1. Take the range A:107-124 and flag every residue that is under 11 Å from A:Leu82 (Cα atoms) and not basic (Lys, Arg).
2. Among all residue pairs at least 6 apart or on different chains, which show Cβ distances below 8 Å where the first residue, located in the range B:1-16, is over 13 Å from B:Gly56 (Cα atoms) and at pLDDT below 90 and the second is surrounded by fewer than 18 Cβ atoms within 10 Å (Cβ to Cβ) and among the aliphatic types (A, V, I, L, M)?
3. For the range A:15-22, does any single residue satisfy the condition of being exposed (fewer than 13 other Cβ atoms within 10 Å of the Cβ) and assigned by TED's automatic domain parsing to the domain that holds A:Lys226?
4. Filter the range A:45-91 for residues that are without any contact (Cβ under 8 Å) to a residue 24 or more places away in the chain and away from every other protein chain (no Cβ under 14 Å) and give the result.
5. Picking from A:Leu188, A:Leu215, A:Leu229, A:Leu193, which residue would you name as being in contact (Cβ under 8 Å) with a residue 12 or more places away in the chain, under 32 Å from the mean Cα position of the chain (by Cα), within 18 Å of A:Gly54 (Cα to Cα) and within 14 Å of another protein chain (Cβ to nearest Cβ)?
6. Have a look at A:Met52, A:Met24 and point out the one that is touching a Leu at 6+ places or on another chain (Cβ under 9 Å), within 30 Å of A:Asp201 (Cα to Cα) and in a helix (DSSP H, G or I).
7. Can you go through A:Glu209, A:Glu221, A:Glu235 and tell me which one is over 27 Å from the mean Cα position of the chain (by Cα) and charged (D, E, K, R)?
8. How about the range A:147-175: which of its residues are within 14 Å of another protein chain (Cβ to nearest Cβ) and buried (at least 21 other Cβ atoms within 10 Å of the Cβ)?
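The values are calculated or read from the model by the stated rules, or taken from the named source; none is laboratory data. Values in this document were obtained by computation on a predicted structure and should not be read as measured data. Using ideal geometry, Cβ is built from the backbone for each residue, glycine included, and neighbour counts are taken over all protein chains shown.
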Amino acid sequence: MPSLIDFRRRIRSVKNTQQITKAMKMVSAAKLRRAQESVIAARPYANSLKDMLGNVAAASKSMDVTHPLLMQRPEKNIQVILITADRGLAGALNTNLIRGAQKFMDEKPGIGMQLEAIGRKGRDHFKKRGVTITGEHYNLTKKCTYEDTKAIAQSIIARYANAEVDAVYLIFNEFKSVMTQKLDVRRLLPIVLPEGTVAKDYIYEQPAEKLLSALLPRYVEVELYKAVLESTAAEHAARMTAMDSASSNAADVIERLTLVMNRVRQASITREIIEVVSGASALE
Amino acid sequence: MAETFVLEITTPERLIAREPVTEAQIPGLDGYLGVLPGHAALLGELGFGELSYKTGGTLHHVVVHGGFVEINGDTTRVLCTSAEMPDQIDLERAKAALDKARKLLVSSGDMDIAHVLEASKRAEARVFAASKVAGKK
């Protein structure tokens, strides 16, 4: 039976852990709020761009539009963009993502796969397993500007346009709510044109083909940017929930330990009394 | 006829303005577009320059750097790659950037012409807008 002092030590150590998890939860909550704000701030542009692309697509349906980014090819080489967190302690977030990516790759045997890793966790996993890594980007989830993702998107667009890869898939965590994140596998390229609302008679300042070829890469950039923002929000939300449950688990452990400790203390007091009493009665 | 139309200016990172305006001057790729309520539907690319719009008699300015513009009924959407408020531009730095870009343009070095041209246009727009603000003070 461990002695009283051992229990005291264990309780103190659990308390320390609890303080850390509580602090981490608070930090994540603050970061989550900021991440959510940037997700919301990015929405108007993304929605407008999508509408606009739809309208241009609808208006130019009569024309025979061909653009490298719309070209469908048999999928022989696939580029996967996997967005994970840089750090752990976020519950099952990264594990689920990596498992999802692994499953995606396993479902398509005999197809060349290469990975663009955003976030350290995904890179570490797939590097160990010998997957070709075309690029790795860290600290994007810390502070992500449009310029950062633009550079990544452009290198991927170039690869697709040069027919080095035949499709680009994006695997990331969609931010549903604070409690739930949903794994999302989305095809980024070739682009499926969104449906236009109305085929209006537009005046074209620039020819429609030129406008379309400027819009399409921008669309890819924005999709990637949005995915990174959503992943960031999802990461902080997952970490917050994980740290919250860690804190309450620590509280449970402390409660249990305190109970056992008190029982041990009482037992030793009882034993001492018995000893004193029986010692006194032996003298009589 | 309606007296105002909704002008929406967005960048990928945030919404800059969404409000009813009476008129707007939008820098298109091939020259300025003046937009008044009831403008015909239009699609085009955005150039580099100062966008100005009027709400209730006051004139607002935003410096925009490339993107798209769509006029559709009573909404005009400006999707710019990046945007700045003229009073936030550091005039000295903008001037330095413009000088650098211009020197690069006339030099016959190895470079991406389109890229440098874009940089120079951007710097020009910034200097123009910032010096106007500086002149007011």
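1. If the condition is that a residue be under 11 Å from A:Leu82 (Cα atoms) and not basic (Lys, Arg), then A:Gln114, A:Leu115, A:Glu116, A:Ala117, A:Ile118, A:Gly119, A:Gly122 are the ones that fit.
2. Once the first residue is over 13 Å from B:Gly56 (Cα atoms) and at pLDDT below 90 and sits in the range B:1-16, its partners that are surrounded by fewer than 18 Cβ atoms within 10 Å (Cβ to Cβ) and among the aliphatic types (A, V, I, L, M) give B:Glu13/A:Ala41; B:Arg14/A:Ala41; B:Leu15/A:Ala41.
3. no
4. Of everything in the range A:45-91, those that are without any contact (Cβ under 8 Å) to a residue 24 or more places away in the chain and away from every other protein chain (no Cβ under 14 Å) turn out to be A:Ser62, A:Asp64, A:Thr66.
5. The match here is A:Leu215.
6. Of A:Met52, A:Met24, the one residue that is touching a Leu at 6+ places or on another chain (Cβ under 9 Å), within 30 Å of A:Asp201 (Cα to Cα) and in a helix (DSSP H, G or I) is A:Met52.
7. Matching residue, one of A:Glu209, A:Glu221, A:Glu235: A:Glu209.
8. A:Thr149, A:Ala153
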